[in-house]
Structure formats: C-alpha cells, structure tokens
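All of the numbers you see were taken from the coordinates with simple rules; none came from a lab. These numbers come from a predicted model, not from an experiment. In this analysis, Cβ positions are derived from the backbone assuming ideal geometry, glycine residues included, and neighbour counts consider all displayed protein chains.
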C-alpha cells in the first residue's frame, strides 16, 4: 500500500497516551489545545521491494492488527433475536405492597412462581438501599405484605393460611430468610401495615399485633363472607363484606370499620362503590370523584385531592432498566405513611349513604393539547465538516446488557435551582446485569470509587461506566456478565463530555470526547479515548487522542483509531485520513481527498475497508427559497476510499450463489 498524494503535510495529529492517573487529579483542566505540540511527521506505509504496484482504484484496507481480539467479546445477537434487546423486562410489574421505605413489585404470575424460579421474580425497591431482588419467597406464596415499625418487615402467606416473616429485604434474599409465624386457616385475603397483620376467613377477620405470631378474630357481619380487609398504618381497619343477593345478582358489598384493632366492627355511614388502600389512604380509588376515609377512621371526605397522592412519585418507578443515570429526591416518594390520611371533613360535610355514580362533567374532557412541530435545524455544514455532527454507529446488541435502575437518591438541599438531581447524588443508582435471552436480571452495586456515575455505555458485551472523578475528570470502570467492576484509570477529559461509544469487531472501543459544531469560529482539537482489546482491568488499556482539525474518529482493530481531519482552509472540501496505533507513529492513509458530498458517518468495515456515508448537498437558496432539486436521487449512499485517495461509490455486495432448482419434464427427471 502506498501513501497517495504526498503533498506538503496538511494533516496535524497528536496521539496522547494516558493510563491510570498517578497521584491526585489536577486542580484545573487546561484546554486541550494548550498541551498540543507541533505535529510529528507522518509515517508513510512502506512498499515491499519487488512487490507489484497497488492499483490506485482498488479499495484501501487497513493494515493487519498486531494485538489479538479481546477474550471477553460477546457475539452480536442474530437479527431474529434483536427485537428482544433492550426491552423493558419489568413492563408488567406492579406494586403489590408498600411500607414506610420499601415497595414490593411483581408481575402477574411471578408471585406464585418466585420460589420455584419461574418468571422474572419479585423485587423490592428500598428508598435507602435501592433495588433488591429477586426475593426468595416461601413456596406457593399467594400474598406479600410489608409492616413495621421499627423496620419494614416482609410477610408472605400460602394458600393454607400459613404466615412467614422476613426481618427486612436483605433477609428476603436468603433461602431461609422467611421464618414461619402463625396461621389463619382458610384465609382468603390479607393486609399488613404499621404494627398489624390481618387476614379474612369466612365471616371473620383475624388480627395480629405481635408480628404474626398469634391472632385474635372477630365476626364482622354475621352470615356475610369477608371479601377484603384493609389495614391503615395507624391501626384503623376496613372490611368489605358480601351484600345480600338480589335475585340471581349479587348485591352491592358493604364496608365495615374498626377502631380497636379488629375486636369490634361497625357498618360505615358511607358506602363507597369500591374500596382500596394506597398507603394511608383507604378510598374509593376514583380520582375523578374521590371519597377518602378521614383521619378519625369514621367519616369520609370528598375534599381530599388525589394530587396529594399521585403527586408523589411511587417507588416502583425505579424498576425501569436504562443506561441513563437517574435519581429522585430523598423523602419525595409515596409510602405507607405519606401522604397521611386527610383531616375529617367540616361538620355536616361528611359523605353518607351509598355512593351514587360519579357526576363529573365528562363533556369538558382533558382538552386538546396542540403540539406544534418545530423544525430543529442545526448549523449548516459542508462536506467533511458534517462528520462533526454525526454520531458513531451504535455497537450491535449482545446477550448481556449492563444497565441501571432509576433508584438513585439525591439530597434536595444540595441541588441548585434548575439543577439535575442525578448530578448531586447522595446514593448512586443500583446497576444490573441483564441476560436478554433468559430474561434474567441480577442487581449489582455501583463500583467502589464511583459515588457520582455520569454515563453508562455498552459494547461487545461489557459495560463502560464513566464517573466524575476529582477535579471533574473522568474515572472509567468496566465489567462484563460475570465478575466485578474493574477500575481502568482516570482521564483529564471532563466526565460529562465523554460519549457516545463505538466498537471494532475485535473489542477495540472508542469513547468520543467533546466537539464543537462545524460553525464554531475556532475549532478545538477533536478528542477521544481509545481502549485496546486487552483483558478487563488491564493497566494502560485506555489512551487519549487529540486531533488538530479533526472531524471524526472511529475504532479500528488492534486498539487503533481511524482519524479524519479537514484543514480549516478547505471549508470541508478536503479530507485527510490517518491511522493511530498504540506503540506506532501515526500512519498517513490519504491526503487531500476531495469531498463533493456531505459526509455523515465514517466506518471501518469488517474486512478493513474504510467507507463513508454521504448525502448529496442540498440545492442552493435562490432569493430565500430553495432552487429546484437536481435530477437523480438524494438519499444517503455509501462511498469507499481507494488507494488513490478518492471516494467512490461502494460496490454492492456480491450476490448469493443461486439455489439449484430441480427441473421437471423429460429432460430434467
């Protein structure tokens, strides 16, 4: 391979190797351009004596890599399995129990199969501890509840009415974490809150005030089966019993209340059409026409706004997998005690009698929301400069996905007005290793030394976590499906400026650094971090590159980086290419490549060829309006670089060999 067009050097490159930082981080981050010395001379590829001349029109291929592929690479998912990638495995999960600091969530069917390993499992979200799970429930559990104080203990019941208790969420992870307690034979409904556990069986409700060891029972309404029992954290109980049948149709249920821990029951003066419990609220569940049992445990009020309940985020919102670092303010969640039961209504304003159908003004509706479509036009770009605005191709999905839950916590007192909660973490979010084919999720803690994670990326089956280190620099951690997090040093590039990620087939990774738009009056050097395909945790795995007049960088096999620059004087009309390899001088590939179209992506193919996605330039403006488009298609196309330094239309892939057809008839039998 020969270096085409060896005119006077116009390509200015600098490769800066940065391994794990030794000693404390710098007090201030100097602009990258300050540390850039004059560009070193470019190495031209040598030509073997006697070798035939290279055809200038043939596609240019990168030299073979000197570093073998990484051992930790996971193959990309086949096309027919990629629909399963990055889907929300917890989409069906709903909150089934709520304590003061913990919520229990499960999907339909997961509760009964949790002990036997069926389904994704039952998880807990603890405000102070984060996501915990899957829980190891007793076999054939049909109900899970949470009760305290002083701690949020977990309870589980079986169809036989046997009750089990775990002292906390960590105990619920152990095979024997749920210890047997008392039992209520024939129990068909359970609830727990505060210091009480209650069960309904037949016409009776049994209540325990000693963590489920013993129960006392009482008849709610003679001859009427109790369908549901609700326990408020302050000890008020509600029971829903079957109403008298009207012919062949069951009658409306009746609600009874108890203020003495279930010893005596009294029919409620107000009979809601439905009853449910949400924390401290026992109400009709109708946000349009709410009716809530007030703090006195007897009167129902219509004045309580559902916004008090729904205005607080539920803990189960954290059970959503994403690579984004998300957090909520401590103390802002809906819980068993927040919001509290509302105050009693004014005298004479309490709801009474059987609740009639809601008479809300249905004709008003929510009103139409007009969303104007506003075109977001970025700064105009020309030719090679359009690469500055292009995102690198995303690595293909693999079976393993490293992700996070949205359970991070920030101290609201430390968040400035308009600031992001996730930028002021008091506790980082819980991470997770997801097996996308087995639909298995394993929560893992954030790595030690990373109290402030900033961005998380996935490539080739590993997660790359960028954390904010001392002085605002980037501390990098990696992990695969197994093992622990590996610290891989610090970089002076600001943590918030790194991303997205790109990967070569051999496991070479590239994290893009900060870039300025093509229209910026002064272009700063293009920066990136490149990781060689070394074992996870290897010292000096990452190195920093800074490229004067750089417009794009892409990973190449062997820990290399393909660098594209465009001299400022060319206004995007010319392109220079070079290859930065660890331990080698920068290798010039092409200089002065003429660019006649807008380049929107640069890639290295699996066979080592360099290609660009190009879009024909738009028609020029004529008196404020676009001139008629020239004939021919304007859709994006792929161009490949030749040895002669030209961008030509990429040859289509070779057609698959035809399938041999059977011939029928006298000549083909």
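Based on other C-beta atoms within 10 Å, arrange 643, 170 from fewest to most.
Ordered from fewest to most neighbouring Cβ atoms within 10 Å, 643, 170 come out as 170, 643.
May I ask for the distance between the Cα centers of segment 179-246 and segment 300-350, given as a whole number of Å?
Between the Cα centres of segment 179-246 and segment 300-350 lies a distance of 25 Å.
Hey, fewest Cβ within 10 Å first, where do 301, 188, 216 land in order?
Fewest-to-most Cβ neighbours within 10 Å comes out as 216, 188, 301.
Would you calculate the separation in nanometres between label points at residue 607 and residue 324, each defined as 7 Å from the Cα along the Cα-to-beta-carbon direction?
So the two model labels end up 4.1 nm from each other.
Given a cut-off of under 8 Å on Cα pairs at least six residues apart, what relative contact order in percent is computed for segment 200-244?
Computed over segment 200-244, the figure is 34 percent.
Suppose R0 equals 22 Å; then what is the FRET efficiency for residue 524 and residue 615 from their Cβ-Cβ distance, rounded to the nearest 0.05?
0.30
Once the Cβ-Cβ distance between residue 411 and residue 539 is put in as r, and R0 is 45 Å, what FRET efficiency do you end up with, to the nearest 0.05?
With a Förster radius of 45 Å, E is 0.80.
How much length, in nm to one decimal, is gained on full extension between residue 438 and residue 649, taken as 0.36 nm per residue of separation minus their Cα-Cα distance?
71.8 nm
What FRET efficiency do you get for residue 58 and residue 92 if R0 is 60 Å and r is their Cβ-Cβ distance, rounded to the nearest 0.05?
0.65
Quick one: check the C-alpha center-to-center distance for segment 448-473 versus segment 519-597, whole angstrom.
If you average the Cα positions of each part, the centres end up 23 Å apart.
Mind jotting down the distance between the C-alpha centroids of segment 155-177 and segment 260-279, whole Å?
27
Under the √(5λ) rule applied to the eigenvalues of the Cα gyration tensor, what semi-axes describe the equivalent ellipsoid of segment 80-205? Give them in Å, descending.
Equivalent ellipsoid semi-axes, largest first: 26, 17, 13 Å.
Each label point is 7 Å from the Cα along the Cα-to-Cβ direction; what then is the distance between the points at residue 354 and residue 286, in nm?
1.4
Taking neighbour Cβ counts within 10 Å as the exposure measure, how do 191, 286 sort from fewest upward?
286, 191
How high is the relative contact order of segment 124-169? Use alpha-carbon pairs under 8 Å, at least six apart in sequence, and give a whole percent.
RCO, segment 124-169: 29 percent.
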